[in-house]
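The values are calculated or read from the model by the stated rules, or taken from the named source; none is laboratory data. Just so it is clear, the structure is predicted and the values come from calculations on it, not from any experiment. Note that each Cβ is placed from the backbone with ideal geometry, even for glycine, and that neighbours are counted across all protein chains shown.
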Amino acid sequence: MPVVRPGRHQPTRQSDRIAPHAAVRRRLGGALALVSLAALVPMLGATPAHAAVAGGKPIRILVGAPAGGTTDTLARTVAQEMSQTLGQPVVVENRPGAGGNIAADLVAKSAADGTTLLMSFTSHTINATLYKKLPFDPIQDFTPITLVATVPSVLVATPKLPANNIPELIRLAKAQPGKLNFGIGSVGSSVHLAGDMFKMMTGTYIVNIPYKGTTPAITDLLAGQVDLMFASSLNVAQHVKAGKLKVLGVTSPNPLPQFPGAQPIGNTVKGFESSAWFGLFGPANLPPEVTQALFQAARRGIDEPAVRKRLETDGAEPSGMPPAEFASFVKQDVRRWATVVKYSGAQPE
């Protein structure tokens, strides 16, 4: 647009001198307003995540296992990160007993406001079939929030066992049915049922020797009192490294770097896979915005580099699965374990 300058027939007026400055101020004011709005948007976006969870009230994560175990450790790790993200207290309470059912029942009957959560584990889906009657429905009475992590198991044996891999073990077990035995750390646990799944899928007969806990079972395995045991990779890594136990196979679909040379059992027994999982739940009917706020806070904690490194060092695989996907996972896991529980004939202790 051509610029018109005041001339002899266009006298300069006061308004002509002021107008450009006013226009600049208007433009500048508009720009500042846009900048202010841009700065405000993240704050507006962050507000619902804080306000959605009961206005900042303390959040409890109940754990159906004693302090110091894998479930407890994961719960405390996630709680710390969630507290920082949400800006409100997140504490862990241990309510062990009945295979995790005591803690689960308390959460199932709690208010659906996001202040009472459950850090559960594989028993959540196993118990759906293992127990003839539960005070809650493992699917209908909970809102799945996220799968936190999975921990694969390994099949370990005494060094004197005349089998060094899965094909050799299957041949040995079929040649001597009933002679070999499995140490069972906890009846109805994922590692117990991994053994029964192995027998079911291979057509072998291996005797179960139940123990009151993982520690005494491993102690007898180290002493040669039992032959084999499915165990969490976290519980036996040090003994394998020391040469006191040998790994015949891993339950994950891929080899585990901490057990070089050990192949997935599924390479021989097609379809075999078993890992312990740990997940975060709320009571049923948790509002979608609360579920999302909790999920985002938990996932942010799981994705922290230091947290991921710590989990992976311990043999766990971090997840952060979204709520809808985790809900489908839980339903499928109930069906998957139902077949194995019925085959095993296991009864809760």
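A few comments on the model shown:
- Residue in region 178-192 that is among the hydrophobic types (A, V, I, L, M, F, W, C), in the same structural domain as G249 (by TED's automatic domain parsing), surrounded by 18 or more Cβ atoms within 10 Å (Cβ to Cβ) and in contact (Cβ under 8 Å) with a residue 60 or more places away in the chain present: yes
- S232 falls short on exactly one of the conditions (1) within 24 Å of L118 (Cα to Cα); (2) hydroxyl-bearing (S, T, Y); (3) at pLDDT 95 or above, and that condition is (3).
- Close contacts from region 152-165, counting a first residue that is touching a residue at least 40 places away in the same chain (Cβ under 8 Å) and a second that is assigned to a strand (DSSP E or B) and aromatic (F, W, Y), with Cβ to Cβ under 7 Å and a gap of 6+ residues or different chains, come to S153/F230; L155/F230.
- Candidate set: region 211-228, residues that are touching a helix residue (DSSP H, G or I) at 6+ places or on another chain (Cβ under 9 Å) and part of a loop (DSSP other than H, G, I, E, B); chosen: the one nearest to E273 (Cα to Cα): D227
- Taking region 299-319 as the range and being surrounded by fewer than 19 Cβ atoms within 10 Å (Cβ to Cβ) and farther than 22 Å from P257 by Cα as the test, only R300 passes.
- Close Cβ contacts (under 7 Å, 6 or more residues apart or on different chains) running from residues in region 91-107 that are over 16 Å from P135 (Cβ atoms) to residues that are of a type in the set (G, A, S) and in a helix (DSSP H, G or I) comprise V91/A79; V92/A75; V92/A79.
- Residue count for region 87-107, restricted to those that are assigned to a helix (DSSP H, G or I), crowded, with 23+ Cβ neighbours inside 10 Å and aliphatic (A, V, I, L, M): 3
- Within region 226-254, the residues that satisfy the criterion of being without any contact (Cβ under 8 Å) to a residue 12 or more places away in the chain and either over 24 Å from K270 (Cβ atoms) or small (G, A, S) (or both) are Q238, K241, A242.
- Selection within region 48-84 - assigned to a helix (DSSP H, G or I), at pLDDT below 90 and closer than 15 Å to T115 by Cα: A49, H50, A51, A54, G55, G56
- The set of residues in region 294-314 being touching a Pro at 6+ places or on another chain (Cβ under 7 Å) and at pLDDT 90 or above consists of F295, I302.
- Set side by side, the residues A298, A316 differ, and just one is touching an Asp or Glu at 6+ places or on another chain (Cβ under 8 Å), within 23 Å of G68 (Cα to Cα) and either assigned by TED's automatic domain parsing to the domain that holds A103 or hydroxyl-bearing (S, T, Y) (or both), which is A298.
For (1) of a type in the set (S, T, Y); (2) within 31 Å of the chain's Cα centre (by Cα), each residue gets a yes or a no:
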site	(1), (2)
L172	no, no
G178	no, no
I184	no, yes
G188	no, yes
Y211	yes, yes
A217	no, yes
S233	yes, yes
V247	no, yes
S252	yes, yes
